[in-house]
Structures are given as C-alpha cells and as structure tokens.
Amino acid sequence: MICGTIYAGPTEDLQRYQGYFKERFPDFSMVDFSNGLYNFNEDKRSQYSDIMEFPPYEVAIEEGKELYEKPFANGKTYASCLPNGGIEIAHLYPKFDAKTGKVQTLPGIINECREKNAEQPLNVLKGELVKILAYLSDTSRGKAINIEIPNDPRALAAYEQGKEIYFTRRGKFDFACYHCHWEASGLRVRGNELSPAIGQAANFPVYRSKWGEIGSIQRRYKGCMNNIGAQPLKEQTEAMNNLEYFHTYLSNGVPLNAPNSRF
C-alpha cells in the first residue's frame with residue numbers, strides 16, 4: 001500500500017511517492033507534472049495554449065505588485081516582513097518556523113505582517129491577498145519547489161498530520177485526496193481528467209474559469225472537500241496548513257509555474 005509509510009521519514013516518503021508517479025507516467029518530466037490534467041486531454045491542452053496567449057492572471061500580478069509595494073499607514077511595507085523582501089521565495093513555502101513550532105504559509109505571513117503594522121487581515125482565499133501572492137509567486141516562476149522538513153519533532157509531527165489528512169477518507173462519499181489524485185490520476189471522471197498529486201501545488205495561486213478570478217490553494221482544498229461531501233477544514237488553521245505543507249512537499253523538484261490558469 002503506497003500510503004503505508006508508518007516507519008518512513010519525509011525523505012523516504014518523497015522518493016517512494018515520486019517514484020510511484022514516475023513509474024505510472026514514465027514519459028513525464030518534472031515540468032510535465034506541473035501541467036496536470038492538460039497532459040491527458042489534447043483538446044483542453046489546446047484551449048489552455050490559446051488562453052495563455054493572454055493569461056487571465058496577468059492583471060492579478062500587476063495589481064498584486066501595486067498592493068505589495070503600497071506602504072501601510074505607518075509607512076512600512078510588506079517587504080519588511082519577508083526574507084529577501086519577498087522576492088523569489090515563494091517556491092520555498094510553506095515553511096516550518098522553529099520559533100513558533102508551526103508551519104507558516106505565505107498568506108499567513110502576509111496577514112501577520114498586516115496585523116503587526118496595525119492593518120486588518122485580508123481574505124486568504126481570494127481578493128487582494130491572493131493577488132499579492134500571485135505577484136510574489138511570479139517572481140519565483142521557474143524555480144524548483146523546495147520544501148524543507150527539518151529534523152525537528154514538531155516539524156515531523158506537522159508533516160505527519162498533513163499526510164494523515166491527505167490519506168484519510170472523509171465525507172459522505174468516503175473519499176481521500178489519495179483516491180482521486182493518486183489511484184485515479186490520469187483517469188477521466190465526470191468529464192474531467194484527474195491530475196496527479198505531484199505538480200498540483202506548482203500552479204497556485206490559480207485563475208479558474210469556474211471562479212472567474214484568482215484563488216489560493218486552500219480555496220481549492222475547501223472546494224475538493226465540499227465535492228466529496230466533507231466538512232471543509234478552516235483556512236489557515238494548523239491542520240489546513242499542515243495539509244498544504246505535505247501536499248506541496250510532494251512537488252519538490254517541480255518548477256513553480258504560478259500563478260496559472262485552470263478551467
């Protein structure tokens with residue numbers, strides 16, 4: 001059983017999990033994995049190519065840059081809260097923070113920065129914050145995702161909780177993330193091809209035609225949980241952040257291609 005890794009650590013997990021997908025899709029490069037469902041449907045890939053001539057997320061990047069560089073009322077900016085001023089760091093997140101003992105996401109850090117500077121937190125699923133995230137992600141486009149799981153019991157516990165959530169059945173349909181994006185990856189279900197787990201995180205934030213706007217990866221998680229009849233986890237909670245930590249770690253080595261566009 002591919003998910004039975006009770007005695008394996010993150011490094012062993014990654015080798016095993018990525019090995020599974022490379023064996024399942026032997027012709028795929030790491031770049032191919034970031035293309036998700038477009039690897040399996042020529043018509044949709046052609047539509048995607050047409051859409052990308054004028055990417056629907058470009059406005060979000062531009063607006064995100066303006067929002068990011070706009071000073072707070074006290075004169076400080078977001079750049080004061082992030083390593084390297086926030087530039088070319090998106091491929092390194094989520095990240096375990098030894099000081100707090102918890103996983104940090106970029107949306108979480110952005111809101112912490114706002115509160116630290118006497119500003120109100122923003123919606124982490126859509127809107128201004130996700131536009132800022134689109135801009136920051138664009139500065140890391142092409143850089144390989146590199147999520148670190150340090151040898152710290154708290155980091156390992158966060159990773160294990162994220163893994164448990166990913167592989168646990170839930171909702172009225174009794175599905176886990178694993179069933180759709182692992183066992184059934186590449187197959188067509190309800191008119192849609194199911195993308196492999198590897199590479200998914202490389203595309204977020206993403207502009208979805210269904211949404212008509214750009215949204216965060218945790219917004220997509222909540223949508224998936226709704227689809228299987230499960231109570232969605234609350235965004236930016238420890239459990240949701242740990243799920244994102246594990247899920248993004250699966251894509252280590254895949255070039256970040258965010259923001260991106262999906263149907």
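All of the numbers you see were taken from the coordinates with simple rules; none came from a lab. These figures come from a predicted structure and were not determined experimentally. FYI the Cβ positions are ideal-geometry reconstructions off the backbone, even for glycines, and counts take in every protein chain you see.
A few comments on the model shown:
- Once the C-beta distance of ASP152 and GLN120 is scaled by a Förster radius of 35 Å, the resulting FRET efficiency is 0.60 to the nearest 0.05.
- Shape of region 58-138, Cα gyration tensor, a/c cut at 1.5: oblate
- GNM flexibility winner over the chain from PRO71, PRO107, PRO232 (Cα, springs under 10 Å): PRO71
- Region 58-138: relative contact order as a whole-number percent, Cα under 8 Å and 6+ apart: 42
- Largest GNM mean-square fluctuation across GLU115, GLU58, GLU164, computed for the chain with C-alpha springs under 10 Å, falls on GLU115.
- Each other residue within a Cβ distance under 13 Å of GLU193 adds +1 if Lys or Arg and -1 if Asp or Glu, for a net charge of +3.
- With the charge dipole of region 154-195 set up from +1 on Lys and Arg Cβ and -1 on Asp and Glu Cβ about the Cα centre, the Cα lying farthest toward the positive end among the listed residues ALA158, GLY171, ALA184 is that of GLY171.
- Cross-link partners of LYS131 among lysines, defined as those whose alpha carbon lies under 27 angstrom from its own and excluding same-chain residues fewer than eight positions apart: LYS44, LYS65, LYS70, LYS76, LYS95, LYS102, LYS116, LYS143, LYS210, LYS222, LYS234.
- The local environment of ALA157, defined by Cβ-Cβ distances under 11 Å, has a net charge of -1 under the rule Lys, Arg +1 and Asp, Glu -1.
- Among residues other than CYS177 with Cβ under 14 Å from its Cβ, the summed charge is +1 (Lys and Arg +1, Asp and Glu -1).
- Label-point separation in nm, SER80 to GLU42, each point 7 Å along Cα→Cβ: 5.7
- Cα point-scatterer Debye curve for the chain, base-10 log of I(q)/I(0) at q = 0.11, 0.17 Å⁻¹: -0.59, -1.47
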